[in-house]
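The values are calculated or read from the model by the stated rules, or taken from the named source; none is laboratory data. Nothing here was measured: the structure is a model prediction, and the numbers come from that model. Cβ: placed from backbone, ideal geometry, glycine included. Neighbour counts: every protein chain shown. Protein only, heavy atoms only, side chains kept; ligands, DNA and RNA dropped before computing areas. Shrake-Rupley method; radii C 1.70, N 1.55, O 1.52, S 1.80 Å.
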Amino acid sequence: MPWRNGGGVLHRAASVDPTAVVEAGAVVHYGAVIGKEVVIGSGTVVGPSVSVGQSTRIGNCSVGEFYTIHNGACIGQDDFGFFVDKDGQVKKKPQELYARIGDNVEIGANTCIDRGSWRDTMIGDDTKIDNLVQIGHNVVIGKCYLICGQVGIAGSATLSDYIVLGGRVAIRDHVSIASKVRLAANSLVTKDIQEPGDYGGFPAVPINEWRRQTVNLRLFSKKHHDRR
């Protein structure tokens, strides 16, 4: 049936707060729960048994079954993409594709997932994302991911399955990460990671190498201090 606040289409078994906006061209499936002051943008498909928290904005995306979006998350907005033209003017790049979210995914409060420009942004099944995470355009994330708070993933990164990202991990654009990788908190990925295992540091290296670097730095610092 059509929703009076925006003109979108709802299944009769969906539960939608009266303050929510479901824009024309959006579809909300059976069993979905839409909270207060949520905005579901045109072109969005909200799957069965999805729960969307208060003040969340969703546009240009599709979300699978048994999905939870916490308060204030933004999904499917255009990304921070600009270029300088021949006259030196800063112009906006088109960001016209989708963000596609798999089944059994949970997205934390105030997390942002941008829609794609040359390929869809993809979040795989059974992925769990903490609060305050930024996922850029064209990022592809595999299944069974754990992403802790304040992680930033730059555009067009490709991340395989069963990966754990500690708090405040940063991943640069266009890199690839193999399956079954764990990254320690505050790590920075600057190049492809092709082998499974634990990594850490700035830039990220295999975890034992990072530990040796940390010990050597402390020893060097202590030795330098003692000489003074």
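Exactly one condition in (1) in contact (Cβ under 8 Å) with a residue 60 or more places away in the chain; (2) open to solvent by 50 Å² or more (accessible area, probe 1.4 Å) is not met by Gly155; state its number.
Here Gly155 clears every test but (2).
Which pairs do you get when a residue that is farther than 11 Å from Val46 by Cα and part of a strand (DSSP E or B), found in the range 4-21, comes within reach of a residue that is open to solvent by 40 Å² or more (accessible area, probe 1.4 Å) and among the charged types (D, E, K, R), reach meaning Cβ atoms under 8 angstrom, with the pair 6+ apart or on two chains?
Gly7/Glu23
For the range 65-76, enumerate the residues that are open to solvent by 10 Å² or more (accessible area, probe 1.4 Å), part of a loop (DSSP other than H, G, I, E, B) and touching a strand residue (DSSP E or B) at 6+ places or on another chain (Cβ under 7 Å).
From the range 65-76, those open to solvent by 10 Å² or more (accessible area, probe 1.4 Å) are 65-66, 68, 70-72, 74; that's our starting set.
Within this subset, residues satisfying the condition of being part of a loop (DSSP other than H, G, I, E, B) are 65-66, 70-72.
Correct list: His70 only.
Under 8 Å between Cβ atoms, which residue pairs at least 6 apart in sequence (or on different chains) link something in the range 96-121 that is under 11 Å from Asp78 (Cβ atoms) and of a type in the set (Gly, Ala, Ser) with a partner that is open to solvent by 50 Å² or more (accessible area, probe 1.4 Å) and not in a strand (DSSP E or B)?
Gly116/Leu97; Gly116/Tyr98; Ser117/Lys93; Ser117/Pro94; Ser117/Glu96; Ser117/Leu97
Residues Asp79, Asp85, Asp17: which one is surrounded by 19 or more Cβ atoms within 10 Å (Cβ to Cβ) and over 15 Å from Ile107 (Cα atoms)? So that I can check it myself, show each step before the final result.
Working: Asp85 fails: surrounded by 19 or more Cβ atoms within 10 Å (Cβ to Cβ); Asp17 fails: surrounded by 19 or more Cβ atoms within 10 Å (Cβ to Cβ).
One residue alone meets the criteria, Asp79.
What's the total number of residues in the range 46-64 that are closer than 20 Å to Gly124 by Cα, in contact with a His (Cβ under 8 Å, 6 or more places away or on another chain) and crowded, with 20+ Cβ neighbours inside 10 Å?
The number of residues fulfilling the criteria is 3.
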